[in-house]
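The block underneath contains the structure these notes are about, expressed in structure tokens.
The values are calculated or read from the model by the stated rules, or taken from the named source; none is laboratory data. For clarity, every value in this text was computed on a predicted model and none was experimentally measured. Positions of Cβ are backbone-derived with ideal geometry, glycine not excepted, and every protein chain shown enters the neighbour counts.
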Amino acid sequence: MFKKILIANRGEIAVRIIRACRELDIRTVSVYSEADRQNMHVRLADEAICIGPAQAEQSYLNVPAILTAAEITDSEAIHPGYGFLSENPQFAEACAASGIAFIGPSPDNIRLGGDKAKARQVMKRRGVPVVPGSDGPLDSVAAAVKAAKKIGFPCIIKASMGGGGRGMKIVNAEEQIEDAFYMAQREALTAFGSSELYLEKYLQDIRHIEVQVLADTKGRIIHLGERECSIQRRHQKLIEESPSSFVSEKLRKRLGELAIRAARAVKYRNIGTVEFIVTPEEEVYFMEFNTRVQVEHPVTEMVMGVDLVKEQILLSAGMPITAKKVFKPRGSAIECRINAEDPDRFIPSPGKIEFLHQPGGPGVRVDTAAYCGWTVPSHYDSLIAKLITFGSNRQEAIARMKRALDEFVIEGIKTTIPFHKRVLENRDFKEGRINTSFLDRLHKPETPTG
Amino acid sequence: MFKKILIANRGEIAVRIIRACRELDIRTVSVYSEADRQNMHVRLADEAICIGPAQAEQSYLNVPAILTAAEITDSEAIHPGYGFLSENPQFAEACAASGIAFIGPSPDNIRLGGDKAKARQVMKRRGVPVVPGSDGPLDSVAAAVKAAKKIGFPCIIKASMGGGGRGMKIVNAEEQIEDAFYMAQREALTAFGSSELYLEKYLQDIRHIEVQVLADTKGRIIHLGERECSIQRRHQKLIEESPSSFVSEKLRKRLGELAIRAARAVKYRNIGTVEFIVTPEEEVYFMEFNTRVQVEHPVTEMVMGVDLVKEQILLSAGMPITAKKVFKPRGSAIECRINAEDPDRFIPSPGKIEFLHQPGGPGVRVDTAAYCGWTVPSHYDSLIAKLITFGSNRQEAIARMKRALDEFVIEGIKTTIPFHKRVLENRDFKEGRINTSFLDRLHKPETPTG
Amino acid sequence: MELEDIKALLELLKDTDVTEIQVEKEGSKVKIRRGRFYTSVEFPAEAPGAPPQIKHEEAEKDRLITITAPLVGTFYRAPTPEAPSFVEIGSFVKKGQVLCIVEAMKLMNEIESEIEGQVVKVLVENGQPVEYGEPLFLIEPAVQQ
Amino acid sequence: MELEDIKALLELLKDTDVTEIQVEKEGSKVKIRRGRFYTSVEFPAEAPGAPPQIKHEEAEKDRLITITAPLVGTFYRAPTPEAPSFVEIGSFVKKGQVLCIVEAMKLMNEIESEIEGQVVKVLVENGQPVEYGEPLFLIEPAVQQ
């Protein structure tokens, strides 16, 4: 096993990884930018090294600085968390070249996860259904028109290397394709450094459901059930659950089988997430493969009684998934992402947390790097806490989330706590009638949502 | 179901009950003394009423004030928590006379729970083994000598109405009995208002293991496994676990059967706890019946995935234990009681909490009424927080407890956190070699405990 | 903030035209107003978000006496619904005179005046629940009481 | 912000027509209004438990320049183990002169002096790891630099 791990991240996920390491008796090294000197991850680690100024490009994305920090601290492995360098295959390769273990899958796994167009092709070939669309990248407007006509409108043009909603254009008719194509190309080039595009059928009223997989170096692959991630604002998840109230036992079995097939198709190793689109008719389409720990991993942990970050570290150290590891689900879990944002317009609200009081009691988990007196810097992601509740069923998990949100006191900055309270009071949400356009409906007052 | 419940308690257990009520959509009324005006339970309740000055006799033990508070707020039920009026049969009767539901068992159940000598007789008659001793109360020194000679030395003379280690005298030979008898009588009269005594064999190297039972008004009784409570200082529990690492499947079955037999013997209704003495040879003896929610109830909740306080409220409202309620244990849980006390000499340390930061992350639960800026009053119990961790096994629960204790920051007062860290580092504790004299051994430096 | 500091602060203000000063330090608060205003010293600062302390009527507290509820119950101004109130605003009361009843556990507890004086204010409506320590009446003590 | 400071502040205002002044210093706040306004002084306590900021050498910071590590790495005072150090205490250095090497990713990064002056202190041992922004040398700038 590793004796010392460097954590190339910040915020709640860095704290999450430190906690796993402490429980595994592994020493930790935190790296930090000048803006994060007072951060919790700096205070909780055994060692901490400043690696650059506030700008992420010069600190948390600074590969030479991070590898040097690992070398001078004799760290045997680097955990990249999520975001930053976690899905950068060059970084994973650079770690290997420096003789440092990268806690994650192989560079090839990461590369395929990032190339949406190629991943589609691989999955389709291996019998994992993908959304009807172009066979591969589109080399011209003509190719886009041809593909669109074949599958029917509306379609969506996407960047092969894309993510987070950028470089996506919906087209409802043939005459819109040319403009959309060139705009998407420009956006994709700017955002992802590649103008490669592909095209898919644009599906509406869908759910975003993902399956957690674990794969060891011996090739054993298991799944740990699904997460419901349909509550999104501009492709950013805000509330996640496990299990999904929509998924029947039959559908769960199919999702699990497809996820394992997808992982096997790419010879996946480590923990990963297979994201699916599920239609109201229970049609399932592969969407993408996430090759890192997810923000929403705690809901799976609560239901399965597993520590995914520990599992990830053990898998990266070459440990097998033992036969003893048969995880049985129990109850229901829900996660609300608490962002330092205005809860109405989602405008970031950095600043000093003047007072903080965390909720507690049965079934309540708080993952945060915030503390009373900490100043949330303006340079990074606005996620400051994840509030997770567990209940014997979905109703109890929701009731608990409501009372925990009521107990949560964060003063000095604005947070999304009031937003979550609104969602939890919504009748459609309570009854499980959700899909990826739920928030659009929520914000239209005329919709009869109780 | 009740629409409004008055909570006749303070501190963490009052907050615990408010949380259960909020999740059940029941309104809450807190009562408080003048010393507790700034308390968390006052802030979290829907209504709060000051019932008297700081002295518990005039506030939290003031039956007319509490019943009047229930009446003027139209509360339908009173939850007594633990301590204070929770084991006072007259209070339960007064509630009934006022038409207010008492959340707990019948006055008769409570009365028997309080009368240790009588409970021994009842249990013995119903086939629940009790520690060898006198058949009933001792009416003279001569009776004590006779009983002691029959069962052999060492013996312990106890107060029938006793508890908490007071009114107990160990005797090693016949000539010690007379002095011990009269001293115990005096202490018992002062502490419990009754000089009645009984005598038992004094057992050493024993474990204190208790079983949680649930009984509905239809007479269905189930048990939710055991709690290991052997880590005690002067009969005060400090660390509790579930399950006990000492208890085999066979012993667990026997403990569960005996607990249900004990509950049936007294026609028990509501939640309750049957406390047993277990010897190294796995001999089991009934010790006492606790007729309220226990401080250590969370370890059972974590392992069983149940909310015991909600179950208690539902049982008190006449709801049956449904067939669906088959609770299956998973993993291991441990609780450390964080007291506002000097960690070496256990001297109370009331005062202002200048800074508070709670631990979080997977498997960590904090039950507390403390907050940053709160002043711990000197009038009441020193328990200010319960830290509970869950793990897939005992080792993980302990590792998690260690890292959570490291994360817990309480400044301004002294707490027992350093004490708990010492215990958790002890090799005997880690390997499960514990009994009720563990702490005496821990504090003797010559003992080889690693 | 010790008395020494307050004294020093008062001294400082003597030769200025400052009419009001507020100092907060380490959880204590001093507020001083000069001229026709009053001086008040508050200890300590509230914990953030803490419920407010029951405030005394600042301006009147020097001369008025507050009669508080000695137990939890229901406040009644008269012995029966039909009877006249024990006291009205302006009533002169003697020490030991009944001011009101607080009903608890079906018992009518007569609340007596601790002092001789004039009823200035009745702070609770007839029939309302009151908690322990809740102010019921303000009484202006008779001179040389 | 002590009484001394408040006094000085009040003194300053005496002969002015300023009606309001606000001064913030090291976490404490003074607000003074004159005439019909009021004066207030606030001392917000620091967040308890916050880790201390890295303190600059107060006494020296006026005249000495600190050379900090521009990247994470290992600090070397000489180009090779056998070679003499680039600079010693007392050395006069020119702007652009190499002071040391910080090795990162097997690359030797020469760290040059930003100013002309005299080396007063070497803050890191040869061969030690340094983090970004870590002070390496104190240099007393040459006059009229």
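General remarks:
- Qualifying residue in region A:284-297 (condition: crowded, with 23+ Cβ neighbours inside 10 Å and on the phi > 0 side of the Ramachandran plot): no
- Of the criteria (1) crowded, with 22+ Cβ neighbours inside 10 Å; (2) assigned to a strand (DSSP E or B), which one residue A:148 fails: (2)
- Selection within region A:257-276 - touching a residue at least 60 places away in the same chain (Cβ under 8 Å), surrounded by fewer than 21 Cβ atoms within 10 Å (Cβ to Cβ) and aliphatic (A, V, I, L, M): A:265
- Residue B:62 being buried (at least 23 other Cβ atoms within 10 Å of the Cβ) and out of contact with any Phe, Trp or Tyr (no Cβ under 7 Å at 6 or more places or on another chain): yes
- For region B:328-341, the tally of residues that are under 15 Å from residue B:297 (Cα atoms) and at pLDDT below 95 stands at 1.
- In this structure, residue A:388 does not qualify as touching a strand residue (DSSP E or B) at 6+ places or on another chain (Cβ under 7 Å), closer than 28 Å to residue A:55 by Cα and of a type in the set (Val, Ile, Thr).
- Total residues in region B:55-81, condition in contact with a helix residue (DSSP H, G or I) (Cβ under 6 Å, 6 or more places away or on another chain) and within 18 Å of residue B:295 (Cβ to Cβ): 2
- Pair list, Cβ < 7 Å and 6+ apart or interchain, from region A:2-27 residues that are under 26 Å from residue A:338 (Cα atoms) to residues that are in a strand (DSSP E or B) and of a type in the set (D, E, K, R): A:12/A:367; A:12/A:386; A:16/A:367
- Identity of the residue in region A:34-75, within 23 Å of residue B:361 (Cβ to Cβ) and assigned to a loop (DSSP other than H, G, I, E, B), that ends up nearest to the other protein chains (Cβ to nearest Cβ): A:38
- Scan of region B:328-376 for residues that are in contact with a Phe, Trp or Tyr (Cβ under 9 Å, 6 or more places away or on another chain), among the charged types (D, E, K, R) and not in a loop (DSSP other than H, G, I, E, B), ordered by number: B:341, B:352, B:365
- Residue in region D:128-144 that is in contact with a Phe, Trp or Tyr (Cβ under 6 Å, 6 or more places away or on another chain), at negative phi and assigned to a loop (DSSP other than H, G, I, E, B) present: yes
- Of everything listed in (1) surrounded by 23 or more Cβ atoms within 10 Å (Cβ to Cβ); (2) closer than 23 Å to residue B:42 by Cβ; (3) in contact (Cβ under 8 Å) with a residue 60 or more places away in the chain, the single unmet condition for residue B:350 is (1).
- Here residue A:16 fulfils each of the conditions (1) over 17 Å from residue A:73 (Cβ atoms); (2) facing another protein chain (nearest Cβ under 10 Å); (3) surrounded by fewer than 24 Cβ atoms within 10 Å (Cβ to Cβ) apart from (3).
- Qualifying residue in region B:321-335 (condition: under 30 Å from residue B:99 (Cβ atoms), out of contact with any Gly (no Cβ under 6 Å at 6 or more places or on another chain), more than 8 Å from every other protein chain (Cβ to nearest Cβ) and charged (D, E, K, R)): yes
- Which listed residue is in the same structural domain as residue A:11 (by TED's automatic domain parsing), among the polar types (S, T, N, Q), more than 28 Å from residue A:269 (Cα to Cα) and under 25 Å from the mean Cα position of the chain (by Cα), from A:90, A:58: A:58
- Residue count for region A:384-420 under the criterion of being in contact with a Pro (Cβ under 9 Å, 6 or more places away or on another chain), more than 23 Å from residue A:209 (Cβ to Cβ) and within 13 Å of another protein chain (Cβ to nearest Cβ): the result is 8.
- Contact map, region A:165-191: residues that are within 22 Å of residue A:152 (Cβ to Cβ) and free of Cβ contacts under 8 Å to residues at least 60 places away in the same chain paired with residues that are β-branched (Val, Ile, Thr) and in a loop (DSSP other than H, G, I, E, B), Cβ distance under 6 Å, separation 6+ or inter-chain. No pairs are found.
- In the set (1) more than 10 Å from chain D (Cβ to nearest Cβ); (2) closer than 30 Å to residue A:365 by Cα; (3) in a helix (DSSP H, G or I), the condition left unmet by residue A:105 is number (3).
- Pick from region C:103-113, criterion more than 9 Å from every other protein chain (Cβ to nearest Cβ) and modelled with pLDDT of 90 or more, ranking: farthest from residue C:72 (Cα to Cα): C:113
- Whichever residue in region A:366-383 is under 22 Å from residue B:356 (Cβ atoms) and among the polar types (S, T, N, Q) and, among such residues, is farthest from the other protein chains (Cβ to nearest Cβ): A:375
- Single residue of region D:111-145 satisfying the filter (of a type in the set (D, E, K, R) and in contact (Cβ under 8 Å) with a residue 60 or more places away in the chain) that is surrounded by the fewest Cβ atoms within 10 Å (Cβ to Cβ): D:140
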